[in-house]
Amino acid sequence: NAGVTQTPKFRILKIGQSMTLQCAQDMNHNYMYWYRQDPGMGLKLIYYSVGAGITDKGEVPNGYNVSRSTTEDFPLRLELAAPSQTSVYFCASRPVGGGAGETQYFGPGTRLLVL
Amino acid sequence: GNSVTQMEGPVTLSEEAFLTINCTYTATGYPSLFWYVQYPGEGLQLLLKATKADDKGSNKGFEATYRKETTSFHLEKGSVQVSDSAVYFCALITGGGNKLTFGTGTQLKVEL
């Protein structure tokens, strides 16, 4: 099992550019999440998905979009990148069983710098 | 709403010292509580968890007890090692929710 994988590891964007952060998991988890981590802060939820075709907003969704066409993949799209989106982005997944106490498994993160 | 408050870091300890990282929370309902650890350059890993009051989570020598009366989930380890140097996050989730609420993290540095 590779677990949760994310690409790229690091990216520099110019203001106004767009990009897609990729996330994939091979654990057959229904739930997937996107977080951002700003320096000295905890993680904040951007979007999440409870299964293929179903997505919902988290705390900080503005400036981002997601889609979930398969169980394995949950890409995060940035349109019109802004300096405020400079952050480290983490994808996570968890199985549906066990309820809210179930562990979330995190990917290694994508560091994004918008200049 | 839900919130998690952690002691501020960085915390610097000598190897074999005793570690406590304080965590208190505010939540509606009955949350599940977690400690995640982030080693340099890596994603978060679950360290331990507790899903109901008075439960004790433990892993790799770390322990935390879910105290409902004091709304706390303090992380402890009796003897830290250099390899424990990392950022530690306290987090909670309530009911059937999908949103983990994280504290701001506490950086631990262990020196020889």
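Where a number appears in this text, it was derived from the coordinates with a stated rule and is not lab data. These numbers were taken from a predicted model, which means no experiment stands behind them. Cβ: placed from backbone, ideal geometry, glycine included. Neighbour counts: every protein chain shown.
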Straight-line reach from residue B:109: which lysines have a Cα under 22 Å away, not including same-chain ones fewer than 8 places off?
B:60, B:77
Among chymotrypsin sites (Phe, Trp or Tyr not before Pro) in region B:1-74, those in a DSSP loop whose Cβ has at most 15 other Cβ atoms within 10 Å are B:18
Please build a GNM for chain B, connecting alpha carbons under 10 Å apart, and tell me which residue among B:63, B:16, B:42 fluctuates the most.
B:42
Name the lysines eligible as straight-distance cross-link partners of residue A:14: C-alpha to C-alpha under 29 Å, and not fewer than 8 places from it in the same chain.
A:44, A:57
Using alpha carbon centroids, what distance separates region B:33-112 and region B:4-18, in Å?
12
Can you give the local net charge around residue B:77? Use residues other than it whose beta-carbon is closer than 10 angstrom to its beta-carbon, Lys and Arg +1, Asp and Glu -1.
-2
